[in-house]
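Working notes, structure below.
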Amino acid sequence: MRIVLLGDSHLARLGVRAAEIGAQAPGVEVVDGAVGGALAADLAAQVRAHAVTPEDVVVLSIGTNDAAPAAATPRETFRTHLTAVVDLVRARRWVYVMPPGVVPGRPGVQGRTNAALSWYAQTAEQVFRARRGWVVETRDLLETLGEAAFDEDGLHLSEAAYDVLVPELAAAVS
């Protein structure tokens, strides 16, 4: 079995910590196929590039970039991309990591709002729960950290956030 990380920078930035997600299951390979800047439209290519199989557990973080005004992924298009990938790829389990939000006014936010991110998160949550996927409610999980959950750019997660998130992901895939 493999644990395949797909989607955006929230998973791509795990680096060496990605291995911690599969540490509870000896012999499990963790493949980090997430790419910073990824949109829901990129998921099918990521799935193909990493040859996801029915034996794999897929951990997915998506929605933060779709909510950026520069991308402006229409909401129904976002839902369509997610639904297509989840319905066509029969992974052992899907784990959806909801967008954690942003710190308004910070340089990396680039017009994203927590309200828009919430909509994308709720839409994806509906898709994954309808298909019995596991959903990690990232914003709730990191709430006690406040702004310390984010790097200086206000968009990407801090090491403190990964200290909280990684054990939750490990539990979700086991």
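Every read-out reported here was derived from the displayed coordinates using simple, explicitly stated rules and does not represent laboratory data. From a predicted model like this one, the values you see are computed outputs, not experimental measurements. Heads up, the Cβs are rebuilt from the backbone with ideal geometry, glycines too, and the neighbour counts pull from every protein chain shown.
A few points about this structure:
- Residue in segment 97-109 that is over 26 Å from R2 (Cα atoms), touching a Phe, Trp or Tyr at 6+ places or on another chain (Cβ under 6 Å) and among the β-branched types (V, I, T) present: yes
- Contact map, segment 95-108: first residue within 23 Å of P167 (Cβ to Cβ), second residue polar (S, T, N, Q) and part of a loop (DSSP other than H, G, I, E, B), Cβ cut-off under 7 Å, separation 6 or more or different chains; pairs are P99/T64.
- Test: residue in segment 91-99 that is among the small types (G, A, S) and in contact with a His (Cβ under 9 Å, 6 or more places away or on another chain): no
- Checking V95, V86 one by one, the residue that is surrounded by 17 or more Cβ atoms within 10 Å (Cβ to Cβ) and in a helix (DSSP H, G or I) is V86 and no other.
- Counting only helices (runs of 4 or more DSSP H) that fall entirely inside segment 1-53 and contain at least 2 residues that are of a type in the set (G, A, S) and closer than 26 Å to G101 by Cβ, the qualifying elements are 9-12.
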